[in-house]
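The values are calculated or read from the model by the stated rules, or taken from the named source; none is laboratory data. Just so we're clear, the structure is a prediction, and the values are computed from it rather than from any experiment. Cβ: placed from backbone, ideal geometry, glycine included. Neighbour counts: every protein chain shown. Heavy atoms of the whole protein, side chains included, go into the accessibility calculation; ligands, DNA and RNA do not. Shrake-Rupley method; radii C 1.70, N 1.55, O 1.52, S 1.80 Å.
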Amino acid sequence: MTTWLSKCFCLVLISMLALSSTYTNAIDPIRFSISTSATEVLVNKEFEIKIKADLLNIPTNTVYVFESARAFRLKVILPEGFRQTGGSFNDFIEGELSGNKPSAFYTIKGKFVSAERSGVFQLLRSHKSANSASQFVEVDRLSFGMTEGLPEGAANARIALAGTVSYVPYLSMSALRSIADTATSVFITDQGGAGIFKHNPSSTKADDGALTIITSGKRYERVYSGPVNVEWFGVVGDGATDNTVALQAMLDRADISSIYFPKPAVSYRIKRLNLRSNKTLILDEGTIVEGLGTLGAEERMIMMNNVQNVSIKGTNVVFKDQKAKYTSGEQRHIFAMLGVTNVTIEGVAANNSGGDGFYIGVSTTQKFSENVRLINVSADNNRRQGLSIVSGKNIEVVSSVFSNSNGTAPNAGIDIEPNNPDEFLEGIRITNPTTRNNAGGGIVILIDDFKGTNRVVDITITNHNDDGSVYGAYVSRATGAIAGTITFHSPVWKNNRANGFCASNYSSNACTLLVNDPTVINCNVAGSTHAVFGSAILVYREASALGDANVGNVHIIRPRVQDTRSPRKIVSAFAFEDISKKGAVKNCSLIDPVTLDGLDVLKYVHFAVLENLALSDKHEKLTFDIAQANRTLTYGFYKRVFHNATSTGLRTISLNGLPANYPEITFEVRNGQILRLIPHVNDNILPLSANNGKYIQCNVVGSKITLRKTTTNSWQVKEMIGTWTVQP
């Protein structure tokens with residue numbers, strides 16, 4: 001077993017040999033050691049390891065020493081089974097030695113929690129600004145091993161001192177190029193480019209000043225694992241230097257697959273970059289990449305065209321351009337993904353573009369992008385929208401924020417909109433999205449290009465939360481037959497300037513549109529007094545819109561609507577109408593409203609011409625006691641059930657001139673007072689009375705009748721319990 005004395009002797013001997021070299025050389029002016037006084041260590045028994053740094057007294061005329069080499073950061077690689085419990089040392093601890101402070105001491109207290117056959121404590125050093133991405137040199141080691149011939153056990157763990165490491169000179173890049181050093185490895189000390197380089201006599205690589213250095217006919221190659229640091233290639237984050245050329249050169253190299261961006265002092269400035277296949281970009285937390293504001297009308301800041309297997313990851317990373325410089329156009333996106341496959345972007349913001357923050361679409365050779373994942377991304381203050389999904393298969397957007405889109409239509413947080421009928425919207429999954437203050441909809445879906453094709457739309461949006469966009473969600477321009485399903489699960493839409501949800505000119509033959517468990521709070525901020533445009537949830541066709549014969553196929557399940565303001569602004573909770581009078585609102589559902597708070601109870605629902613409406617009200621939010629007032633039914637005063645539970649005398653309900661296919665209504669007698677139903681003067685109630693204008697009435701508790709307006713002038717009895725008499 002090597003003794004501490006012999007170890008010291010070896011260190012002194014190597015130092016003497018280095019000092020007696022016949023040529024000027026650079027060695028580390030600091031001697032580092034790691035040692036312990038423990039001779040036997042038990043499992044779970046603490047012992048102490050000592051680390052020492054000594055400034056050597058080396059004549060400057062004999063050895064070339066760099067002043068910066070007197071400052072250092074240290075790291076210790078601990079063996080398997082060892083746990084540090086105390087001491088003054090921690091990884092990346094830093095120090096600097098001088099004539100006034102020639103030594104530094106650190107300790108590690110710890111213990112083995114399991115019996116290990118052998119292992120090594122490695123003491124590593126690097127420059128004073130080193131971080132987890134920097135290269136470190138091993139400057140000493142402390143080895144241990146089990147005593148030979150004895151069974152493995154807790155009492156048999158031994159600590160044995162190891163020999164010294166090989167000589168590694170510290171040099172600047174220029175110094176290495178200017179001298180004929182015989183070392184097989186060198187440590188380059190240049191700021192931003194520091195690291196170990198090893199002589200490789202078989203290499204034919206060109207000198208790039210970053211990974212390969214050629215000097216005196218010898219090639220030194222950087223020793224590294226993991227990503228390539230952009231600083232090695234001279235990329236600087238000073239907020240002024242244009243790094244486009246240097247970064248594009250890195251991206252174009254097939255031998256560089258992973259690239260690391262340390263957090264810059266200010267920002268990395270670029271114009272535009274073309275990403276290649278099989279690249280991983282890792283950006284330090286808080287990194288900013290800033291555009292120059294000089295993109296052409298069809299240029300993108302980060303272009304991915306027909307590439308595969310790309311990953312861009314960070315935490316609180318921001319890519320941004322200079323939107324104020326782009327007063328026209330809409331294609332200057334931050335991230336453009338065209339016909340890509342297997343792309344992941346995580347923890348990255350895309351702000352202030354002249355187009356979209358993120359764009360997912362087609363290339364000239366692939367009519368969709370596939371397997372794209374946006375995770376914890378955000379997009380703010382973009383000229384067109386935060387995210388556009390134009391054509392995609394298996395697109396996943398998770399826990400992302402899209403805000404303040406403004407400048408040119410559709411001004412959406414997220415816009416899902418194909419450009420051509422040969423594109424795709426399959427497997428679109430958007431989970432926990434947040435949209436805020438967009439000049440258009442929080443989420444906009446426009447799928448008219450798919451009408452009459454064999455495309456099958458498959459979009460699911462879960463837990464969407466919008467605050468302050470014009471619409472929480474806006475689905476429009478589906479004017480013909482389209483297959484598939486669009487589903488919203490548990491959205492919360494609040495403070496919208498118009499409706500919380502709007503389906504506009506959406507064909508009843510278009511793909512099924514499901515809105516499950518929506519919540520709309522304080523919408524109609526703009527204050528429309530119209531029953532349609534001031535509604536919380538709207539299904540309609542505009543007055544001048546063309547399209548299919550009927551609109552609809554929209555299904556609202558278990559909605560909640562609240563207005564907490566004073567004065568309240570929501571006019572109707574739900575509105576269904578074809579304002580163009582071209583056809584009917586058809587194949588829709590309004591199922592079991594849960595909450596209708598702060599609204600005018602006489603105007604919960606605005607119905608016009610509906611066909612095949614599925615309607616249920618198990619929470620009795622659409623049940624109405626006419627109490628002491630006579631009532632007149634209108635478009636805006638629909639209830640599923642009317643009754644007279646608290647009436648103290650005869651009460652009338654006038655069935656005003658409502659159109660054919662008005663939804664069925666049930667009238668119940670819950671009090672022994674007369675409940676009278678009066679049709680319009682030109683209407684009858686069949687089969688009870690074929691005479692126009694004749695009322696029917698009943699005062700027998702438990703009686704009820706369900707009517708539906710089947711033609712322009714006739715109400716049809718759908719169900720009747722009890723005796724209802726006809727006006728003589």
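Conditions (1) more than 25 Å from residue 355 (Cβ to Cβ); (2) in a loop (DSSP other than H, G, I, E, B); (3) open to solvent by less than 30 Å² (accessible area, probe 1.4 Å), marked per residue:
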position: 396; (1), (2), (3): no, no, no
position: 419; (1), (2), (3): no, yes, no
position: 422; (1), (2), (3): no, yes, no
position: 428; (1), (2), (3): no, no, yes
position: 449; (1), (2), (3): no, no, no
position: 469; (1), (2), (3): no, yes, yes
position: 499; (1), (2), (3): yes, yes, yes
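A single member of 393, 367, 320 is of a type in the set (Lys, Arg), closer than 16 Å to residue 300 by Cβ and free of Cβ contacts under 8 Å to residues at least 60 places away in the same chain, and it is 320.
Annotation note: Cβ proximity below 8 Å between a residue of segment 257-273 that is modelled with pLDDT of 95 or more and a residue that is among the acidic types (Asp, Glu) and part of a strand (DSSP E or B) (sequence gap 6+ or interchain) occurs for 267/290; 268/290; 269/242; 269/290; 270/242; 270/290; 271/242. Residue check: residue 215 meets all listed conditions (1) at pLDDT below 95; (2) open to solvent by 50 Å² or more (accessible area, probe 1.4 Å) but one, namely (2). Cβ-Cβ contacts under 6 Å between residues 6 or more apart (or on different chains), taken from a first residue in segment 463-474 that is farther than 10 Å from residue 413 by Cβ to a second residue that is surrounded by fewer than 24 Cβ atoms within 10 Å (Cβ to Cβ) and among the polar types (S, T, N, Q), are listed as 463/432; 463/490; 465/434; 467/495; 468/437; 468/495. Pairs meeting the criteria (first residue in segment 664-675 and aromatic (Phe, Trp, Tyr), second residue open to solvent by 50 Å² or more (accessible area, probe 1.4 Å), beta carbons under 8 Å, at least 6 apart or on different chains) are 667/704. From the list 296, 314, 339, 329, which residue is within 17 Å of residue 268 (Cβ to Cβ) and either open to solvent by 20 Å² or more (accessible area, probe 1.4 Å) or in contact (Cβ under 8 Å) with a residue 12 or more places away in the chain (or both)? Answer to the check: 314.
Considered as a group, the residues in segment 501-534 that are of a type outside the set (Phe, Trp, Tyr) and under 11 Å from residue 471 (Cα atoms) include one that is most open to solvent (accessible area, probe 1.4 Å), and that residue is 525.
I'd like the full set of residues that are in a helix (DSSP H, G or I), open to solvent by less than 70 Å² (accessible area, probe 1.4 Å) and β-branched (Val, Ile, Thr), limited to segment 226-277. Selection gives 230, 244.
Of all residues in segment 299-311, those satisfying the criterion of being surrounded by fewer than 23 Cβ atoms within 10 Å (Cβ to Cβ) and not in a strand (DSSP E or B) are 299, 306, 307. Of all the listed residues (360, 334), the sole one being among the aliphatic types (A, V, I, L, M), out of contact with any Cys (no Cβ under 7 Å at 6 or more places or on another chain), closer than 16 Å to residue 298 by Cβ and open to solvent by less than 10 Å² (accessible area, probe 1.4 Å) is 334. Of the residues making up segment 519-530, not a single one is within 14 Å of residue 554 (Cα to Cα) and either in a strand (DSSP E or B) or not polar (S, T, N, Q) (or both). The number of residues in segment 701-728 being in a strand (DSSP E or B), open to solvent by 50 Å² or more (accessible area, probe 1.4 Å) and of a type in the set (Ser, Thr, Tyr) comes to 3.
Yes/no matrix, rows are residues, columns are (1) within 28 Å of residue 482 (Cα to Cα); (2) at pLDDT 95 or above; (3) touching a Leu at 6+ places or on another chain (Cβ under 7 Å):
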{"site": "397", "(1), (2), (3)": "yes, yes, yes"}
{"site": "400", "(1), (2), (3)": "no, yes, yes"}
{"site": "413", "(1), (2), (3)": "yes, yes, no"}
{"site": "418", "(1), (2), (3)": "yes, yes, yes"}
{"site": "432", "(1), (2), (3)": "yes, yes, no"}
{"site": "437", "(1), (2), (3)": "no, yes, no"}
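Number of residues in segment 184-212 that are closer than 15 Å to residue 171 by Cβ, open to solvent by 10 Å² or more (accessible area, probe 1.4 Å) and either β-branched (Val, Ile, Thr) or assigned to a strand (DSSP E or B) (or both) equals 6. With the structure loaded, tell me whether residue 656 is in contact (Cβ under 8 Å) with a residue 12 or more places away in the chain, open to solvent by 20 Å² or more (accessible area, probe 1.4 Å), touching a Ser or Thr at 6+ places or on another chain (Cβ under 7 Å) and of a type in the set (S, T, N, Q) or whether it fails that test. For residue 656, the condition - in contact (Cβ under 8 Å) with a residue 12 or more places away in the chain, open to solvent by 20 Å² or more (accessible area, probe 1.4 Å), touching a Ser or Thr at 6+ places or on another chain (Cβ under 7 Å) and of a type in the set (S, T, N, Q) - is met. For the structure I just gave you, tell me whether residue 57 is modelled with pLDDT of 90 or more, under 29 Å from residue 194 (Cα atoms), open to solvent by 70 Å² or more (accessible area, probe 1.4 Å) and in a loop (DSSP other than H, G, I, E, B). Answer is no for this residue.
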